[in-house]
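Everything on this sheet refers to the single structure shown next.
Just so it is clear, none of the values below were taken in a lab; they were calculated from the coordinates. Please read all numbers here as calculations on a predicted model, not as lab measurements. As a convention, Cβ positions derive from the backbone with ideal geometry for all residues, glycine included, and neighbour counts pool all protein chains shown.
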Amino acid sequence: MNTKYEIVGNMCVRDNDGTKLYRIRALRDIDTVMGVVKRGDLGGYVASEANLTKFSDAWIFDDSVVRDNAVVRGGAVVRHSSVICDNALIGGKAKLLNSYVCGNATVIGSGRMVDCFVNQNAVVGAQTMLFKSSVTGNATVFSPQDLTQVTVEDCVGRMFKPNEERPVTKYLMIPESAGLFRIKALRDIDNKYQFVKKGQLGGLISSSQNLSQSGDCWVFPNASVTQNATVQENASIVGGSEIYGDTVVCERAVVKDCIISGRSIIGGGVELDNYSISRYIRVLGEGNLINTQKEKVEIFGKTKQMVNIYKASDINRLKHEDNIFSRNF
């Protein structure tokens, strides 16, 4: 039951392509990151209840539109004529103002976007501040600074603007073998999974792009993050996990004994244990997703379209859908 908002049936408009859009109205006070929405206040437009979570404090303001398979969840806010469409996902505590997000794009973290365009498979997260900017292609932007009037595209694994040097303040890279480096903490790291003391050794990475020098994310011993994969914010890579491809693990996610590749995105507060996930999969739920089977389960997403997993039951549902399958190995 939706106790957060209702769709106002007699306040329906049609988008340019004929899609019906319905205005939403708050059924309770909602304490958003951009102010309190009072019970009875009107919000923006959705195509269905699937576009805006019934839980948490996410909200669509003004005449902003969220349609198709797009989702606004977490504590995210969309306002000032923003349009979110296709398979886009807005989460975390992201704030979007007068921006357009489409394709399979993902905007998470706690940053702000004003007058921006995010498209295709792009990912924007952390505390990134974007103004009059475009992020497209396979770009991954997790920058702690303001980016104004920039165009970022096809720079998989980049956490800052292309070719920008990052200060080494959190960890050192110690050569190990075959192009791999073991990380060593330069300061205490208050990681969600386990506190890391200064001087403690961690897991393996293939370049400095794999693990952010900011935040409290960490790769623990026996785990590895390679190729274009990135670990951000307060995420934890634990056990024998192998993270590679163009994967992004961020926010407060804990990944234990998993193999994750492709263009997967793991975030929210999820704790993912003993899965193999590949292709276009977004796991952005809360709580524990634990595979209790003796053999690891491999989940494949659709080749071109992003598949979203928000809770354990969603994984079970995906096993039976067309174009998505699982197998033991």
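Numbers below:
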item	result
Dipole of segment 1-126, positive direction: furthest Cα of Asn119, Phe55, Leu89, with charges on the beta-carbon	Phe55
Highest to lowest packing among 130-141, 193-204, scored as the average C-beta count within 10 Å	130-141, 193-204
Extension gain (nm, one decimal) between Phe131 and Ser208, 0.36 nm per residue minus Cα-Cα	25.1 nm
Efficiency of FRET from Cβ geometry, Asp190 and Arg39, R₀ 30 Å, rounded to 0.05	0.20
Across Lys20/Lys311; Lys38/Lys170; Lys54/Lys184; Lys184/Lys311; Lys93/Lys197; Lys198/Lys256, pairs whose alpha-carbon gap is larger than 31 Å	Lys38/Lys170; Lys54/Lys184; Lys184/Lys311
Stretch in the chain that is longest and holds no GluC sites (Glu not before Pro) that DSSP places in a loop and that have at most 10 other beta carbons within 10 Å	1-163
C-alpha center-to-center spacing [segment 105-157, segment 23-79] in angstrom	22
Whole-number percent relative contact order across the chain, with pairs defined as alpha carbons under 8 Å at least 6 apart	6
Cut-off under 5 Å, modelled amide H: who pairs with Ile266 long-range	Val248, Val249, Cys250, Val283
Lys/Arg +1, Asp/Glu -1 at C-beta; the chain dipole; positive extreme among Gly18, Asn191, Val107	Asn191
Local electrostatic count at Asp190 - Lys and Arg +1, Asp and Glu -1, tallied over other residues with Cβ under 13 Å	+3
Asn288 versus Lys197: modelled label distance in nm, points set 7 Å from Cα along the beta carbon direction	2.8
Among 257-264, 120-127, the order from most to least packed when residues are scored by Cβ within 10 Å on average	120-127, 257-264
At 1.567 mPa s and 4 °C, Stokes D of segment 1-120 from Kirkwood alpha-carbon radius, µm² per second	94
Near-label residues of segment 58-77 by backbone N, under 12 Å of a point 7 Å along Cα→Cβ of Thr19	65-71
Packing-based ranking, highest mean first, of 66-74, 21-29 given that Cβ atoms within 10 Å are counted	66-74, 21-29
Under Karplus coefficients 6.51, -1.76 and 1.60, residue-wise ³J(HN,Hα) of segment 47-62 in Hz, glycine/proline x	7, 6, 5, 5, 7, 9, 4, 7, 10, 6, 10, 5, 8, 10, 9, 6
Dipole magnitude of the chain about its Cα centre (Cβ charges: Lys, Arg +1; Asp, Glu -1), debye to nearest 20	340
Antiparallel bridge percentage (DSSP; both residues within the chain; nearest 5)	25
